[in-house]
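Report on the structure given below.
Derivation of every value follows stated rules applied to the coordinates shown; laboratory data play no part. Worth saying up front: this structure is predicted, and the values here are computed from it rather than measured. Cβ coordinates were reconstructed from backbone atoms using ideal geometry, including for glycine residues, and neighbour counts include every protein chain displayed.
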Amino acid sequence: MNGNLFWAVILFLSVQMLVSCTGQLSENVQTENLEREIHDIWTQFIQDWESEDAAACASIYHSDALNIPQALQVNSGADSIEEFYAALFSNNQSSRYNHRSESIHFDQKLAVEYALFDVQWITNEGDEWTYSARALIHWEKDETENWKIRKMLFNNPPESV
């Protein structure tokens, strides 16, 4: 899927979800519950990340998911995503992952999240560095009604002027 088509699909789905919102109290409660579900997944992901468990990190993705980092190879499928995380962990002594959801829009079994994250790394040589990114995450429920990532696209935010 080329980049323009991907963004067009995400934009269409986001607008569709926004139009379907009615603002009723019960829907607000439901949205809060759904947001909590996604938040809980990220909480577990962070624990798995900091334990350097690449398989557990990849388990939040659908088996045919895409993980699309800026200027790097697209990781297609959970096995490829697991290998990507394993390579990150083996090339560094440790890291600390921070994730902040800026917005999440839901429509039945689909969610689109805009998030910011950063990772503070210590390389195998002992150098410290930070990777900061913004992410667009397409979530879908799987056959057991659990939220899983279908596509995650992330890149560095532009520098402030």
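Just a few scattered comments:
- As a proxy for reagent exposure, ranking Ile149, Ile104 by other Cβ atoms within 10 Å from fewest up yields Ile104, Ile149.
- Residue order, fewest to most beta carbons within 10 Å, for Phe106, Phe89: Phe89, Phe106
- The H on the amide N of Gly77, modeled in the peptide plane, is under 5 Å from the matching H of Ala65, Leu66, Asn67, each at least 5 residues off or on a different chain.
- The residues Lys109, Lys141, when put in order of fewest to most other Cβ atoms within 10 Å, stand as Lys109, Lys141.
- Contour excess over end-to-end distance, with Cα ends at Ser80 and Asn98 and 0.36 nm allotted per residue: 4.2 nm
- Using the Cβ-Cβ distance between Gln120 and Thr31 with R0 set to 25 Å, the FRET efficiency from 1/(1 + (r/R0)^6) comes to roughly 0.20.
- Stretch gain in nm, segment Gln44-Leu110, where the contour uses 0.36 nm per residue and the Cα spacing is subtracted: 21.7 nm
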